[in-house]
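To keep things clear, I will list the structure first and then write my remarks on it.
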Amino acid sequence: MMMLEVRAVSHRYGPKQVLDRVTFSVEKGELFGIVGPNGSGKTTLLKLICKELPLASGEIKIHGQPLLALSAKQWARFAAVLPQTAEAAPGYTVRETVALGRYAHQRGLFPTWTKEDEAAVQEALRAVGLADKIDEPLERLSGGERQRAYLARALAQKPQLLLLDEPTNHMDVSGQVRLLDRLAEAARSRDLTVVAVFHDMNVASLYCDRVLVLKEGKTAALGTPTDVMTPALLEEVFAAPIVRLAHPAAAKPMFSFVPKGKQEESSAGGLRLSFLDDAAVLASCQPLRVLSSALIGAGFQWATHFVNRQVGLDYDCGDAEGDMRRYLEQHGFSPERTIGMMTAVDVHDAVWLQKEGEAFSVAIMTTAGVGNAVDAARAWQHKPLAARPGTINMVIVIDGVLTEAAFVQAMMTATEAKVKALADCSVCDLETGTLATGTSTDSLAVAATQTGRTFAYAGTATELGRAIGRLVYEATIEALDRYKRRRGRR
């Protein structure tokens, strides 16, 4: 069922055209967002729907009825408005403020307060989490709490349609999340239709079912955030470079502006390998974007240090991550800027190789031990094994800009080259007797300067992929040779 229909709506402020034949519809129970840069017509459109501005061109219908046919009282019973900010009325308590939302439902010159009115107020206060503040003066509340009180006033009105103009403006992150979570919950539980103007693209993406993107008063896009909020569209609308990422916890896109002055020239010369008593440390003079499977810094991160820490065979791994974080902090490394790995082999046997190409360079640091080598295809046949030195840890650094696809392909290429090196060295799974593909605790990190040449892919069909494969193979062979020689000296 269509709750709101906007057809070919235009509006002028004098000679300036601020809306140009905007058309969209909103279904019952939908959370619908309107986004766009300043001056794109967002607030004007909302004011036309709110009847704050006269509709001169086009048509707006509410539940099939023309907006112009609704009286002020009828409109107030049907819809509620939550503005960006509202001045707290001196002396009004939270309860008295929320009770104002019941005005549209009262009748007569001297209306009486009913049980229904009281129930609506109490329910609205519980919905926004302010039941414990009911007798507080409104002016004593924080900005976020005050905005939630105004949301409660709107909910107490029992509207079918809620209109909001940048409701989280000037609020801190905690206040934004509380308000938006309450709003989304109210929309779900009450089958409430919400139309909201947002200036924050990430908020609109996370909370809206669909979005209308405006540019200079015209419709630039209309649809789900995933489908229409593309980097190309948003760069055109906001006139700034934008990167789109996948949200780590919700099936929604996230967006980030790319600042001016981003370094375009290559600067990969600042890598330095050093050793502590129990760790090999690779340091970069600039932050590198990293995709890793490491104990600390897994996933995509920005890092300046890579620490490959040696632990004993009797190491208690009950809280390996927490222990590694404490180790890094004790040695002056920030866990938020460090990729942390562990190994039981001697880190002083680390192999460091570099390949300089005409347009890029690749470097690798690796340690290898295969006492717990495993054939991944037959790992299900394994029984618990006694602790043995193992783990193949790798850090690959690429001087260039890698797409997310290139990061993943680089990891695939490196893994394939490592498997080939193990096969050529006849490293076997001791449980199954078959050729090993790695160890049970391998870690891999692919890092890029994100400057200079862009690499869309890093598979073995590419120049970059071939360089990665060769270096990984050679480094793994050398690291295994060092591992065998050290074991032979014991």
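The values are calculated or read from the model by the stated rules, or taken from the named source; none is laboratory data. Computed from a prediction, not measured in an experiment: that's the story for all the values here. When we count neighbours, we look across all protein chains shown, and the Cβ atoms used for this are built from the backbone with ideal geometry, even at glycine.
Could you tell me which numbered condition residue 245 fails, if it satisfies all but one of (1) in a strand (DSSP E or B); (2) outside the structural domain of residue 38 (by TED's automatic domain parsing); (3) not small (Gly, Ala, Ser)?
(2)
Step by step: first the residues of the stretch 161-187, then only those that are in contact (Cβ under 8 Å) with a residue 40 or more places away in the chain and surrounded by fewer than 18 Cβ atoms within 10 Å (Cβ to Cβ), then the one that is farthest from residue 73 (Cα to Cα). Which residue is that?
The selected residue is 170.
Look through 185, 123 and report the one residue that is farther than 21 Å from residue 225 by Cα and not in a loop (DSSP other than H, G, I, E, B).
Matching residue, one of 185, 123: 123.
Quick check on this structure: which one of 404, 356 is over 29 Å from the mean Cα position of the chain (by Cα), among the charged types (D, E, K, R) and closer than 30 Å to residue 243 by Cβ?
Every option except 356 fails the conditions.
Can you tell me which of (1) under 30 Å from residue 405 (Cα atoms); (2) modelled with pLDDT of 85 or more; (3) surrounded by fewer than 20 Cβ atoms within 10 Å (Cβ to Cβ) is the one residue 259 doesn't meet?
Only one criterion is unmet by residue 259, namely (2).
Within the stretch 36-69, how many residues turn out to be surrounded by 14 or more Cβ atoms within 10 Å (Cβ to Cβ), farther than 24 Å from residue 220 by Cβ and among the hydrophobic types (A, V, I, L, M, F, W, C)?
2
I'd like to check something: does the stretch 315-323 contain any residue that is assigned to a helix (DSSP H, G or I), under 13 Å from residue 294 (Cβ atoms) and without any contact (Cβ under 8 Å) to a residue 60 or more places away in the chain?
The answer is yes, given that some residue of the stretch 315-323 is assigned to a helix (DSSP H, G or I), under 13 Å from residue 294 (Cβ atoms) and without any contact (Cβ under 8 Å) to a residue 60 or more places away in the chain.
Can you confirm whether residue 436 is crowded, with 21+ Cβ neighbours inside 10 Å and more than 18 Å from residue 339 (Cβ to Cβ)?
yes
Identify, from the list 29, 33, the residue that is in contact (Cβ under 8 Å) with a residue 24 or more places away in the chain, in a strand (DSSP E or B) and either assigned by TED's automatic domain parsing to the domain that holds residue 230 or in contact with a His (Cβ under 8 Å, 6 or more places away or on another chain) (or both).
Exactly one residue qualifies, and that residue is 33.
How about the stretch 53-83: which of its residues are modelled with pLDDT of 90 or more and in a loop (DSSP other than H, G, I, E, B)?
Matches in the stretch 53-83: 53, 54, 55.
Which one of these does residue 348 not meet: (1) closer than 30 Å to residue 467 by Cα; (2) under 35 Å from the mean Cα position of the chain (by Cα)?
(2)
Considering only the stretch 188-203, how many residues are crowded, with 22+ Cβ neighbours inside 10 Å and over 13 Å from residue 33 (Cα atoms)?
1
Only one residue in 408, 370, 397 is in a helix (DSSP H, G or I), assigned by TED's automatic domain parsing to the domain that holds residue 286 and not small (Gly, Ala, Ser), so which one is that?
408
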